[in-house]
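Data block below; observations after.
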Amino acid sequence: MPYNYQKIEDYWQRYWSENKLFRTETPSQKPKYYILDMFPYPSGAGLHVGHPLGYIATDILSRYKRHQGFNVLHPMGWDAFGLPAEQYAIETGQHPAVTTEKNIKTYKKQLDRLGFSFDWEREVNTSEPSYYKWTQWAFIEMFHHYYDEDKDKALPIKNLTEHFSKNGSSGIQANHNEHDAFTKEEWQFFSEQKKEEILQCYRIAYQADLPVNWCAKLGTVLANDEVSNGLSVRGGHPVEQKIMKQWSLRISAYAERLLQGLEKIEWSESIKEMQRNWIGKSKGAEVDFLLETNEKLRIFTTRPDTIFGVTFMVLAPESEWVIKLTTSEQKAEVEKYIKWTKSRTERERQAEAKNVTGIFTGSYAIHPFTKKKIPIWIADYVLGGYGTGAIMAVPAHDSRDHAFAKTFKLPIVPVVSGEHDYESTALETHEGSAINSEFLNNLSTKEAIEKACERIENDKLGVRTTNYRLRDAIFSRQRFWGEPFPVYYKNEIPHTLSLSELPLVLPEVDKYLPTEEGEPPLARAKSWKTKEGYLYEYSTMPGFAGSSAYYLRYMDPKNASAIASKENIDYWGAVDLYLGGSEHATGHLIYARFWCMFLHDIGLVPFTEPFKKLINQGMIQGRSNLIYRMKKNPKTYVSKSYVSKGEVKEEDVQKIHVDVNLVQNDFLDVAAYKKSKPDLKDADFQTESHDGKEAFLCDWAVEKMSKSLFNVVNPDAVCEQYGADTLRLFEMFLGPLEQSKPWNTSGIDGVHRFLHKLWRWLHDDTDADKISTTENSAKPEDWKLLHQTIQKITQDMDSLNFNTCVSQFMICVNQFSASKVKEKSFIETFLILLSPFAPHMAEELWHRLGHTTSVTKQSWPKVDKKWLVESEMKIVVQVNGKLRAQFMCDINATEAEIFEKALALPEVIKQLENKELKKKIYVPKKLVNLVVV
RNA sequence: GCCCACGUGGUGGAACUGGUAGACACGCAUGGCUUAGAACCAUGUGCCGCAAGGUGUGGGGGUUCGAGUCCCUCCGUGGGCACCA
């Protein structure tokens, strides 16, 4: 009876799904375990073998946890809003929902083939109105809350309006955008518009004129994490800075909590570090420099200790001080410069970062301590959006200030001790002491910062502050395929819909392009208005909106009155293990944390961190195959001569990618390759001799897995050839989960061989469809290995070392098949251990032992220590640290006995000639080392 | 430039708290079975050496009876940030 993986896998997949064996029950008396994969965007290309890596890992863990008696939530869904479907819609007129649905079907089919234990009844789809109703709801909640810095949480906006009508704007401790102060009387008489304008400065979801990343090619604005090097992450189109009225989320209010929260979650250090950088906390002081006009120019610095080294000041070009401080003589030049900086795209600005540019305003500030006159310059290396948009320049100790000073021949005054050539570079150090700095002299940098801050505060020159780099998240996109805002405008004032009016469904449009007036595609829906005839917001929400709280929806996916019921949220709690790519470090993973903290503040969720533990699975890279083609000669125009790798004489060839599916172990299937391209009919393939056979050998390279490099391997093809169990085992065997590694099929046969061997172990050559068992056929060494395996697999499972688990199974099958173990309970134990990895195989064999199904069996094997007790121990003898000999010894031997035995060894005697002896015995856990010094 | 992670055979990778480095697999070699191949089985395989032996976890140094593992330093690879004052 051969191992027919196709029949077996089809049968059990159908059995599991028809009997709904993976349905997750809530509530339950069992302890919970929530394992989540980052849900995919269902693209048109379908899955390649890299995608399932993480899903296989989580599936193994889910099955393991179920065997251990946990109630496991292991769902799957679709991050269905996104650009490709919309782009496709623009080109073909096909509604994105239609394409998306089609793609989801393909994905689901591909996933199901791998035997995953998802509870498909909990499937979510972010583009379905019943789902995005709750995305819209969360937005409305954010709109109606503000961030109270006293309570350090979001509070209803009603509290704020009450405060305003009692006290005006004074005394409020809240994260807000700049606005003029007002009294309670003024508040009374403000118009509706004016009141709303003020409130927008506080709302967590607010509208404001902000500098945004505008991508003309995509026709939309982008968030900071969607832009890289001045180009859009999706598509790589240029991005420019532009002031636009946009919806934003006040994520910056949560900066400190987002930073602190990292301390209590189990994430990889690198992701935490990325988030820390992204949040960018820096402590320092704001200091006022008096101007000749008696106004105060406020700057931010992290190095107040270097204040005596200030030789000039710099304003950002967009600073409001620019106009005030530019003298009439300098006006023309300054205007020219400002105009020039505005004309540059973000990309140009970054590319030319090394070129120092700037212009003198003509004005001077007064140094707060030395009272010297300090010139004020304008330069675009100072950013308007950070700190106060103005700096004190200390060229001796800041490389940017140094470069500027050198370019414009400004003085450089060292104020930190240390030998240094100030003509060439700045001395950027925290390890020195202050010099040339009056009251700071001789203090270490740390002390000097402290002292300077003290003095600044005492003299009322400024205050200590903390700045964060984290900016509020721009939340509008001028696109069609996204969640509509539950917002309409009445006298230009935004109003939100009520919960009963949700979901606000995407309207039908004739085209998916912006209108001729440049309005977003939704403006094409002419009749899209509220009952009262008010217009809706035409922007849609960005990609991260739908993915920020999807883990809550899985807990209660069909709930019509809440994103999930209170009981379900309380029962499931935070995600225990979250698995996905590290590319979401500063996007989704920050937004989801923020979103969760907000939902916590409003009392919906009891936890503040959504993902307790995060694992980033590595990417599976493609392994491309390349063949060599002779360079075309002038006569034939196109060369049709191809050369096997070993026969290549360099320089006269070029490399060409070939489809990896036509290559086996780097040997090209020449006939198939010729067939695949009509123009190769009469091509010539120069083979080489390999094992006495002529073959055509290809070269290879590790690259991204991509269609254009012909290195995409489809999991369906692997399932076809080897079966899902082999694919699962192989992907785990490939290497540690978190590491990136190339897809190299040369090892897959080894794994497949293992499954065959396992099958042959339990099946004699007969055609029986039952496994015949015999009692007492397992020898003590078999039991020992089995229990060692239980111990190892359990440990490795908990630490997610799946690759070593596979190796352990191979060791087992080698030994068990050699000693022909046929004991029923023995086999059963082994099958349970194996079932998370190769569920179909385990299930089939389990069935052949006379049982129904193993997947719901809550009995993870326990280690029986009696098999692991050692009667002997291995003694290693070392002489001066070098290994000389080893011997076995009774476990209860005394040190004296061991020592005596060691000295009797011929190797030791030889080593000890002419040496003095000093007895020393070390007894660590496993080995006993006798060391003779 | 700054921050983080990593560096072990021909290859992917094992090695828990410092305790015989190289498990397991691929590849390779030899032999068996076979008309032949595939599959399967057995044995070997870090490097140098016929051997005894020596040497060996990116380089150098340190701690230790003992270091792949801990500390310092240099080199290399991968990732992130990049005018954030």
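How about the stretch A:735-760: which of its residues are open to solvent by 50 Å² or more (accessible area, probe 1.4 Å) and either more than 6 Å from RNA strand B (Cβ to nearest atom) or part of a helix (DSSP H, G or I) (or both)? Full working, then the answer.
Pass one, the stretch A:735-760, residues open to solvent by 50 Å² or more (accessible area, probe 1.4 Å): A:736, A:738-740, A:744-746, A:749, A:753, A:756-757, A:760.
Result: A:738, A:740, A:744, A:745, A:746, A:749, A:753, A:756, A:757, A:760.
So which strands (runs of 3 or more DSSP E) stay within the stretch A:207-319 end to end and still have 2 or more residues that are within 14 Å of RNA strand B (Cβ to nearest atom) and among the charged types (D, E, K, R)?
Values: elements: A:220-222, A:240-249, A:282-291, A:296-301, A:312-315.
Ranges flagged: A:282-291.
Among (1) in a loop (DSSP other than H, G, I, E, B); (2) touching a Pro at 6+ places or on another chain (Cβ under 9 Å); (3) farther than 26 Å from residue A:35 by Cβ, there is one condition residue A:88 misses while meeting the rest; what is its number?
(1)
Run residue A:378 past the list (1) of a type in the set (A, V, I, L, M, F, W, C); (2) over 13 Å from residue A:307 (Cβ atoms); (3) touching a Ser or Thr at 6+ places or on another chain (Cβ under 9 Å); (4) open to solvent by 30 Å² or more (accessible area, probe 1.4 Å) and report the number of the one that doesn't hold.
In the conditions (1) of a type in the set (A, V, I, L, M, F, W, C); (2) over 13 Å from residue A:307 (Cβ atoms); (3) touching a Ser or Thr at 6+ places or on another chain (Cβ under 9 Å); (4) open to solvent by 30 Å² or more (accessible area, probe 1.4 Å), residue A:378 misses (4) alone.
Can you run down the residue pairs with Cβ atoms below 7 Å, 6 or more apart or on separate chains, where the first is in the stretch A:785-800 and under 19 Å from residue A:813 (Cα atoms) and open to solvent by less than 10 Å² (accessible area, probe 1.4 Å) and the partner is more than 11 Å from RNA strand B (Cβ to nearest atom) and among the polar types (S, T, N, Q)?
Matching pairs, first to second residue: A:786/A:829.
Could you please find all residues in the stretch A:199-224 being small (Gly, Ala, Ser) and surrounded by fewer than 22 Cβ atoms within 10 Å (Cβ to Cβ)? Walk me through how you get there before you give the answer.
The first filter runs over the stretch A:199-224 and keeps only residues small (Gly, Ala, Ser), leaving A:205, A:208, A:216, A:219, A:223.
Hits for the stretch A:199-224 are A:208, A:216, A:219.
Could you please find all residues in the stretch A:534-562 being in a loop (DSSP other than H, G, I, E, B), touching an Asp or Glu at 6+ places or on another chain (Cβ under 9 Å) and open to solvent by 10 Å² or more (accessible area, probe 1.4 Å)?
Passing the criteria: A:538, A:556, A:557, A:558, A:562.
Taking only the stretch A:415-427 into account, find how many residues are within 13 Å of RNA strand B (Cβ to nearest atom) and either small (Gly, Ala, Ser) or free of Cβ contacts under 8 Å to residues at least 12 places away in the same chain (or both).
Total satisfying the criteria: 1.
Within the stretch A:400-414, does at least one residue satisfy the condition of being assigned to a strand (DSSP E or B) and either open to solvent by less than 70 Å² (accessible area, probe 1.4 Å) or free of Cβ contacts under 8 Å to residues at least 12 places away in the same chain (or both)? Steps first, please.
Keep residues of the stretch A:400-414 that are assigned to a strand (DSSP E or B), which gives none.
There is no residue in the stretch A:400-414 that is assigned to a strand (DSSP E or B) and either open to solvent by less than 70 Å² (accessible area, probe 1.4 Å) or free of Cβ contacts under 8 Å to residues at least 12 places away in the same chain (or both).
Go through (1) open to solvent by less than 10 Å² (accessible area, probe 1.4 Å); (2) in contact with a Phe, Trp or Tyr (Cβ under 7 Å, 6 or more places away or on another chain); (3) over 24 Å from residue A:207 (Cβ atoms) and name the single condition residue A:587 misses.
(3)
Identify all residues within the stretch A:33-50 that are surrounded by fewer than 18 Cβ atoms within 10 Å (Cβ to Cβ) and touching a residue at least 60 places away in the same chain (Cβ under 8 Å); write none if there are none. So that I can check it myself, show each step before the final result.
So the first thing to find is which residues in the stretch A:33-50 are surrounded by fewer than 18 Cβ atoms within 10 Å (Cβ to Cβ), and the list is A:43-46.
Passing the criteria: A:43, A:45, A:46.
Suppose we keep only residues that are over 22 Å from residue A:253 (Cβ atoms) and among the charged types (D, E, K, R) within the stretch A:159-200. Which one would you say is nearest to the chain's Cα centre (by Cα)? Walk me through how you get there before you give the answer.
First pass over the stretch A:159-200, keeping only residues over 22 Å from residue A:253 (Cβ atoms): A:165-166, A:183-194.
Keeping just the survivors that are among the charged types (D, E, K, R) gives A:166, A:184-186, A:192, A:194.
Details: A:166: 46, A:184: 47, A:185: 50, A:186: 48, A:192: 43, A:194: 41 Å.
So, considering only residues that are over 22 Å from residue A:253 (Cβ atoms) and among the charged types (D, E, K, R), the one nearest to the chain's Cα centre (by Cα) is A:194.
For the stretch A:770-783, which residues satisfy the criterion of being part of a helix (DSSP H, G or I) and crowded, with 17+ Cβ neighbours inside 10 Å?
Result: A:782, A:783.
Hey, could you check the stretch A:351-375 for residues that are open to solvent by 30 Å² or more (accessible area, probe 1.4 Å) and in a strand (DSSP E or B) and say which is farthest from residue A:212 (Cα to Cα)?
If we take residues in the stretch A:351-375 being open to solvent by 30 Å² or more (accessible area, probe 1.4 Å) and in a strand (DSSP E or B), then A:373 is farthest from residue A:212 (Cα to Cα).
Might you check whether a residue that is within 14 Å of RNA strand B (Cβ to nearest atom) and open to solvent by 40 Å² or more (accessible area, probe 1.4 Å) occurs anywhere in the stretch A:326-335?
No; the residues of the stretch A:326-335 include none that is within 14 Å of RNA strand B (Cβ to nearest atom) and open to solvent by 40 Å² or more (accessible area, probe 1.4 Å).
Does the stretch A:142-157 include one or more residues that are free of Cβ contacts under 8 Å to residues at least 60 places away in the same chain, open to solvent by 50 Å² or more (accessible area, probe 1.4 Å), more than 30 Å from residue A:519 (Cβ to Cβ) and part of a helix (DSSP H, G or I)?
no
How many residues are open to solvent by 70 Å² or more (accessible area, probe 1.4 Å) and modelled with pLDDT of 85 or more if we restrict to the stretch A:689-733?
3
Considering each of A:867, A:846, A:860 in turn, give the residue that is surrounded by 15 or more Cβ atoms within 10 Å (Cβ to Cβ), modelled with pLDDT of 75 or more and in contact with a Ser or Thr (Cβ under 6 Å, 6 or more places away or on another chain).
When all the criteria are applied, what remains is A:846.
Do we find a residue being at pLDDT below 90, within 10 Å of RNA strand B (Cβ to nearest atom) and open to solvent by 30 Å² or more (accessible area, probe 1.4 Å) anywhere in the stretch A:428-446?
Yes, the stretch A:428-446 has at least one match.
So residue A:579 ticks every box in (1) under 30 Å from residue A:711 (Cα atoms); (2) surrounded by 22 or more Cβ atoms within 10 Å (Cβ to Cβ); (3) out of contact with any Asp or Glu (no Cβ under 8 Å at 6 or more places or on another chain) but one. Which box is left unticked?
Of everything listed in (1) under 30 Å from residue A:711 (Cα atoms); (2) surrounded by 22 or more Cβ atoms within 10 Å (Cβ to Cβ); (3) out of contact with any Asp or Glu (no Cβ under 8 Å at 6 or more places or on another chain), residue A:579 misses just condition (3).
The values are calculated or read from the model by the stated rules, or taken from the named source; none is laboratory data. All figures in this text were calculated on a predicted structure; none of them were measured in a lab. Ideal geometry is used to build each Cβ from the backbone, glycine not excepted, and the neighbour counts take in all protein chains shown. Protein only, heavy atoms only, side chains kept; ligands, DNA and RNA dropped before computing areas. Shrake-Rupley method; radii C 1.70, N 1.55, O 1.52, S 1.80 Å.
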